[in-house]
Amino acid sequence: MEVLLYTILTLCVLGVLSAVILYFVARKFRVEEDPRIDEVEKMLPGANCGGCGFAGCRGMADALVKNDDISALFCPVGGGDCMKAIASYLGKAAAEKEPQTATVRCGGTCAKRPRTNEYNGARSCAVASSLYAGETGCTFGCLGFGDCVTVCAFDAIRINPETGLAEVDAEKCTACGACVKACPKGIIELRKKWPKDRAVYVSCVSKDKGAAVMKACKAGCIGCGKCEKVCAFGAITVENNLAYIDPQKCKLCRKCVNECPTGAIKLVNMEPLPKEPKAPAKPVEKPAEKPAEKPAAEVSAAKTPESSAAKSE
């Protein structure tokens, strides 16, 4: 009995000593943390999506508190209102940033981009793109295996089973950029978010020449430059056989949509401009016909009786 009692007492003493030692060690090596970090973290949306460039909201909160200049820091999920509230709490100035949305720049549906082979590997865009070009003749288009869907934490993107393409729900999209990083083809881009989710963009990233593009996809950009010529705002440039519409310069005038011969320029939540009727061709005015000149022999024959009559008088 005494042995058991001594054992219990020994364990109690060791426990107390260990607790005292751990207490003094914690006091000695503790790191003082700004209490504002906890408050800022509470003001962030808590999505931990990594769209701000940090591993989570805690890292973002730490950077916001410790940096005097927070103009380069932005939470895409919380948006401008969230950043203004945090800046007001910290007494700092937050940079204004317009809202954005993810845009899938590929219009090669199953109907317009026929399949040339069949892939039997892992259903992953990253794996498929590392092994071969794709199931169609276009090496630039959407593979449709849904890596972007997997990484989206907001259920804002899906694969349309009819078209085989990724589609973004602009109402749910927070522009965190996770899908942009996940796409191995680089066809997803963060673009300016217009009111009522309107948009005009070139739904193609192929840099092949026109003949090769049309052979692989009927909806591809052939780099003809007609859209660039008709744009009055300098928003369209054609480089490497591919047109690109700058969302910062574009005014949604829609003139380029009617000019595109392949339909590669996509119009979202807007009606296309009515096509101007072709002016009727002007009739070609024929020059007035001059009276045919009589042959010299007839003229001389006509003059002969007159001259003989004059001589007889």
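Readers should treat all values here as calculations from the given coordinates under stated rules, not as data from a laboratory. Worth saying up front: this structure is predicted, and the values here are computed from it rather than measured. Please note: Cβ atoms are built from the backbone with ideal geometry, for glycine as well, and neighbour counts cover all protein chains shown.
A few remarks follow.
- DSSP-assigned coil residues among GluC sites (Glu not before Pro) in the stretch 1-105, each with at most 11 further Cβ atoms within 10 Å: 32, 33, 96
- Among the listed pairs 42/249; 196/251; 66/172, those whose Cα-Cα separation exceeds 25 Å are 42/249; 66/172.
- Expected 222 nm ellipticity per residue - DSSP helices of 4 or more, -39500 (n - 2.57), all of the chain, to 500: -10000 deg cm²/dmol
- Residue 155/residue 29 FRET efficiency (R0 41 Å; Cβ-Cβ; nearest 0.05): 0.40
- Label corresponding to volume of the Cα convex hull per residue in Å³ when calculated from the structure given, among (i) 294; (ii) 153; (iii) 126: (i)
- Reciprocal of mean inverse Cα separation for the stretch 107-165 (Kirkwood radius, Å): 12.1
- Scanning residues 5 or more positions from residue 188 or on other chains, those with amide H under 5 Å from its amide H are 105, with H placed 1.01 Å from N in the peptide plane.
- Full extension of the segment from residue 118 to residue 93, taken as 0.36 nm per residue of separation minus the current Cα-Cα distance, would add 3.6 nm.
- Take the convex hull of the alpha carbons in the stretch 100-268; its mean projected area over all directions comes to 9.3 nm².
- Here is what passes the span test in the chain: the DSSP H helices with alpha carbon length of 20 Å or more along the helix axis and a Kyte-Doolittle mean of 1.0 or above are 2-29.
- For the stretch 36-90, the alpha carbon positions stretch 23, 20, 19 Å along the principal axes, listed from largest to smallest.
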